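Trainee: Pasting a structure below so you can have a look.
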């Protein structure tokens, strides 16, 4: 667990800013890594410990602390929800940021909404009155060189001493450049030769700017982040953020995701592609084995039944459709198809023996009942330890176990009815696997002398 927080100002330090000197407040930040006891020595989960720590740290005045759990999908830290706003200028991005942060604060399922664009770096801007300077006869270049020399430093020449070359740098004494009022002691020379106070030609304004200007995908960007309360999934948070962005931001705004949010989207898309490819490969293999597209279609009807059982199990168990549950659903493609293969294969063998479709499928479902139950019970029993085991990593194992147990159970129960029904409806459009061989054999028996001739 990582704790990060920014405390209230502890001291005041001098800081150099463009165009002059100012005094700024230093915000102190810190990060600590807390190692929890082993699972056997505590009765609270990591999420519960983080929630309690957040409640305790919120009572400390002047401190903003964000407890976080290190994630397994990404190496970098940060909150799980990270939305990136991209646009043409930082002024527009700041306006969009304020709108989104206001919406995020209204969502009770999010906590500690924040952004990486913070105007905490004090700046002192020097604005030159160009019209007045031109009337008096002072060039802007002279004003800039005077500020550079007195408030900063300027290299003017070099000198050689003992064979070594040294730079000659002009700079005012530290006592003469401690505050903005020291500009009143500076003068510039006009074209007439008269010395003009610099304070008559410039105006000072204080402002705050961010310490860094971030970019994402080569665009000016501001990242919004927030934590999730227990029970609020990252997928739900991402959907809510997209909806809020569509309502609050103009069409010119570009949104993207970082950190765990980005990895979640990539992993979800990869699993969906993997699931589709698994279905396609299994279907093509079965089509080659049965020499038909109808029989594999009947077999693959067991897969939706398994997925339905997996979703029902996740709902009853209070789990979510996360990366681990999606991996379990991909596993169900092969586990569920085996029941249909046992029934359809045996029904085809009976049809080769001359049985009609109805008689073949009814006998196949009855005869294959015992093998189907044996294989399904063995699969369910093998997955039970995933649900019953506790300890580190139990959450991911439980999710996979629930998907396998409930998916295989519902698929086994319903496939005994669904497969025979659809086989009876669709198999009439197919021929038995040995139908062609039987016809050739019958023709040979009818014309035994044709081959000799």
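Trainee: Which FRET efficiency value, to the nearest 0.05, is calculated for residue 274 and residue 41 with the Förster distance at 51 angstrom and r the Cβ-Cβ distance?
Mentor: On the way: r = 38 Å, r/R0 = 0.75.
The pair residue 274/residue 41 has a calculated efficiency of 0.85.
Trainee: Mind checking Rg over Rh on the range 264-440, alpha carbons, Kirkwood formula for Rh?
Mentor: Working: Rg = 17.9 Å, Rh = 17.1 Å.
My calculation of the ratio gives 1.04.
Trainee: Return the Cα extents of the range 178-322 along principal axes one, two and three, sorted largest first, each rounded to a whole Å.
Mentor: 103, 36, 27
Trainee: If one takes the longest principal axis of the Cα atoms in the chain, at what angle in degrees, from 0 to 90 and to the nearest 10, does the Cα axis of helix 323-352 lie?
Mentor: The helix 323-352 is inclined about 20 degrees to the chain.
Trainee: Between residue 155 and residue 243, with labels modelled 7 Å along Cα→Cβ, what's the label distance in nm to one decimal, could you check?
Mentor: Simple spin-label model gives 6.0 nm for this pair.
Trainee: A further question follows. Considering Cα pairs under 8 angstrom that are at least six residues apart, work out the relative contact order of the chain and quote it in whole percent.
Mentor: About 16 percent, as a whole number.
Trainee: Contact order normalised by length for the range 264-440, with contacts defined as Cα pairs under 8 Å and 6 or more residues apart; what percent is it?
Mentor: 34
Trainee: Turning to a different aspect of this structure: Among 231-242, 398-409, how do they line up by average Cβ neighbours within 10 Å per residue, starting with the highest?
Mentor: Most protected by this proxy first, the peptides run 398-409, 231-242.
Trainee: Please arrange 225, 38 by how many other C-beta atoms lie within 10 Å of their C-beta, fewest to most.
Mentor: Fewest-to-most ranking of 225, 38: 38, 225.
Trainee: Could I ask something else about it? Given Cα pairs under 8 Å that are at least 6 residues apart, what percent is the relative contact order of the range 234-346?
Mentor: Over the range 234-346, the number comes to 30 percent.
Trainee: Taking the Cβ-Cβ separation of residue 369 and residue 107 as r and a Förster radius of 56 Å, what is the calculated FRET efficiency to the nearest 0.05?
Mentor: The calculated FRET efficiency here is 0.60.
Trainee: Quick one: if the Förster radius is 22 Å, what FRET efficiency do residue 233 and residue 63 give, using the C-beta to C-beta distance and rounding to 0.05?
Mentor: Calculated transfer efficiency: 0.15.
Trainee: Could I ask something else about it? How would you rank 193-201, 338-346, highest first, on the average number of other Cβ atoms within 10 Å across their residues?
Mentor: Packing proxy ranking, top to bottom: 338-346, 193-201.
Trainee: I would also like to ask the following. Please state the shape class of the range 122-209: rounded when a/c is under 1.5, otherwise prolate if a/b exceeds b/c and oblate if not, all from the C-alpha gyration tensor.
Mentor: oblate
Trainee: Classify the range 254-327 as rounded, prolate or oblate, taking a ≥ b ≥ c as the square roots of the eigenvalues of its Cα gyration tensor: rounded when a/c is under 1.5, otherwise prolate if a/b is larger than b/c and oblate if not.
Mentor: oblate
Trainee: How much length is gained if the chain between residue 125 and residue 359 is pulled fully straight, taking 0.36 nm per residue apart and subtracting their Cα-Cα distance, in nm to one decimal?
Mentor: 75.0 nm
Each value in this text was obtained by applying a stated rule to the coordinates, not by laboratory testing. All figures in this text were calculated on a predicted structure; none of them were measured in a lab. Cβ coordinates were reconstructed from backbone atoms using ideal geometry, including for glycine residues, and neighbour counts include every protein chain displayed.
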